[in-house]
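The values are calculated or read from the model by the stated rules, or taken from the named source; none is laboratory data. Just so it is clear, the model here is predicted, and its values are computed rather than measured. All Cβ positions, even for glycine, are placed from backbone atoms using ideal geometry, and neighbour counts span all protein chains on display. Keep in mind that these areas ignore ligands, DNA and RNA; they rest on the heavy atoms of the full protein, side chains included. Shrake-Rupley method; radii C 1.70, N 1.55, O 1.52, S 1.80 Å.
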Amino acid sequence: MKKSDAWKRKIAYQIYPRSFADANGDGIGDLKGITSKLDYLAELGIDYVWICPVYASPMDDGGYDISDYYSINPMFGTMEDMDELLAEAGKRGIKIIMDLVLNHCSDEHEWFKKALADPNCEEAEYFYFRNSENGAPNNWRSMFGGSAWEHVGNGRYYMHLFSKKQPDLNWENPKLREKLYEMIRWWLDKGLGGFRIDAITHIKKEPTLSSLEPDGDDGLVGCFGPTRNYPGIGDFLTEMREQTFDRYDCITVAEAAGVPYDQLGEYIGENGYFDTLFDFTYSELYSYGHAWHTCKKAWEWPISLLRDKMFASQIETAKIGFGAVYFENHDYPRASEKFLPKEYQSPLSQKMLGTLFFFLRGIPFIYQGEELGMTNTVFESIDDVDDISTKNHYRLALADGLSPEAAIKAVNRYSRDNGRVPFPWSSGKNGGFGEGTPWMKIHPDYRSVNAEDEARNENSVLSYYKKMVALRKSDEFVETLSVGDIEPILTEYDDIIAYIRSGNGKKVCVICSFSPYPLNVKTELIGKKLLLSNYENASLPENGTIKLSEFEAIVFEC
Ligand code: NOJ
Ligand code: CA
């Protein structure tokens, strides 16, 4: 099917359903809650909504451990609620994108239960079971810490690249693949707008599953080499595309870490496996060694590092396709914590960060709460945390001798639960999240940072996001700001990231200053029309200079 490329001119929004809106008062966000907030999303100008997994799941990893692909987790509602959401979204011109988790399922999935009970059954072949006399079959480390193998008795082990409750699916088995394709078609038949496809670069494993040189004191080795974008993966991805996505008018967004630029074409080129992907090269600038508590502060690297990586990604992607751009998602702390020192985190600098990513070439994904300028929350003890990876890093900190108080402080900064606190809808009871006590503590700032108050305030981060969306979708600039070219400028300035978008006979300049001081920047650009700024009195370039206030963002036609 020849697909339309209209999606490139659209705006997407990501929802973490457990924490978005609770309609039935049990303290947990649900599908009816999402439906009740569709007008909010429509008003913001959203076209696609990606919902993190709502399938049946024991919720060991926030729903990325699916026990039945064909049913809705009762905590989120029913299949009727899902149908209602699709219908109501459709009325507002919004398409729903679901998460598609294909690298692993839950150990509570019936396939796995059968496989455990009978090593000779068909389902046993859907997983990576191996027998080993002397401990784990190899020394690969799981992403959430510890061995990637779990013993089930009698020297029988199964592989799990993520938690032990997420056994990896064996894509080498054609029957399993057909079951997955059937399931994908079943969902697309319901009228989904598409899928965000989880951890998809991991589905092919190095076939001999051999141990490798350890890279840590635990004697284990990170499993990226033998399980990420491993040669031969393309056969599976091509087959999946032909058997499923190709037959529908839908978009596919791959979570595709580890794809080198010279292979981008295979993924998102003309005949790529997917329409677009998330590139992680510029969102993880800090490297934390073996654990979060040993890491430098996130922003202790030069802005030029972010700039270089971001533009490398932009330029390489523009050569062959169209990316998906984002600054936040459910796997990261809040962006201002990653990119700005605490003392400079403010609505002003958050608008600047928003501007920087929003006008890049690619479809923007706004993560819930980002449009309010939410910051990291405060976890007082590990009991406030749900996330499996945060618990793992907390354990590592304790093992290294940190006190519980120091350990929780150290992991708080990087915890992905920062982005998973209940959405603050108002300054009222429970931040307007719902009648019941929320499943996770609400952000302490909800009285000032919430959707209701920000909607009333013209200078809020929310009002600014609405302006950004409106500008990017405006008839006048939509072509330029979506599919237009991108060119970095002013790269000689350490604290500035700036670029020009051009196309459709127009040029738009975006300048973002990370400096806490005003700057006079030399430029030959001629400012034709001011389009947007986080300052009321922003000025266009004059006599070869543009004056920038601290943390200024300015967008103008040139
Ligand atoms: C990526 C998801 O975004 C993350 O939340 C999850 O833990 C892993 N994949 C495993 O499914
Ligand atoms: Ca609920």
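The table below gives the values:
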item: Cβ-based charge dipole, region 485-557, positive-most Cα from 503, 553, 525; result: 503
item: Cβ-based charge dipole, the chain, positive-most Cα from 111, 357, 408; result: 357
item: Within the accessible area of the chain (1.4 Å probe), percent carbon and sulfur; result: 48 percent
item: For the chain, calculated [θ]222 nm from helices alone, where every DSSP H run of n ≥ 4 adds -39500 (n - 2.57); result: -7500 deg cm²/dmol
item: P(r) of region 368-421 over all Cα-Cα pairs, binned every 5 Å from zero, in whole percent; result: 4, 23, 31, 20, 12, 6, 3, 1
item: Those trypsin sites (Lys or Arg not before Pro) in region 401-430 that DSSP places in a loop and that have at most 14 other beta carbons within 10 Å; result: none
item: Semi-axis lengths (Å, descending) of the ellipsoid that matches the C-alpha gyration tensor of region 231-297; result: 31, 12, 11
item: Å² per residue, accessible surface of region 110-159 at 1.4 Å; result: 50 Å²
item: FRET efficiency, residue 447 to residue 381 (Cβ-Cβ, R0 22 Å, nearest 0.05); result: 0.45
item: Selection of GluC sites (Glu not before Pro), region 225-268, meeting DSSP coil and at most 14 other Cβ within 10 Å; result: none
item: Relative frequency of Cα-Cα separations exceeding 18 Å in region 110-159, percent; result: 30 percent
item: Rounded accessible area per residue of region 398-509, 1.4 Å, Å²; result: 43 Å²
item: Span-rule helices in the chain, defined as complete DSSP H runs reaching 15 Å or more along the axis (Cα) with Kyte mean at least -1.0; result: 79-91, 174-189, 233-243, 303-320, 347-358, 388-399, 461-473
item: Semi-axis lengths (Å, descending) of the ellipsoid that matches the C-alpha gyration tensor of region 401-451; result: 26, 11, 9
item: Student exercise, region 110-159 dipole from Lys, Arg, Asp, Glu Cβ charges, in Debye to nearest 20; result: 220 debye
item: Net length gained if the chain between residue 215 and residue 154 were fully extended (0.36 nm per residue, minus Cα distance); result: 19.1 nm
item: Around residue 113: net Lys/Arg minus Asp/Glu count, Cβ-Cβ under 11 Å; result: -4
item: Residue 117 paired with residue 458, simple spin-label distance in nm, labels 7 Å along Cα-to-beta-carbon; result: 6.7 nm
item: Under 25 Å from the Cα of residue 507 - lysines, other chains or at least 8 residues apart; result: 8, 10, 309, 319, 351, 466, 467, 473, 522, 528, 529, 547
item: Charge sum, other residues only, whose C-beta stays under 14 Å from residue 124's C-beta, Lys/Arg counted +1 and Asp/Glu -1; result: -3
item: Rg/Rg_globular for the chain, with Rg_globular taken as 2.2 N^0.38 Å and Rg from C-alpha atoms; result: 0.96
item: Estimated dipole of region 485-557 in Debye, rounded to 20 [Cβ of Lys and Arg +1, of Asp and Glu -1, Cα centre]; result: 340 debye
item: Orientation-averaged projected area, Cα convex hull of region 1-142 (nm²); result: 12.4 nm²
item: Projected label distance in nm at residue 429 and residue 343, using a 7 Å step from Cα toward the beta-carbon; result: 4.2 nm
item: Total charge dipole magnitude, the chain, about the Cα centre, Cβ charges on Lys, Arg, Asp, Glu only, Debye to nearest 20; result: 1100 debye
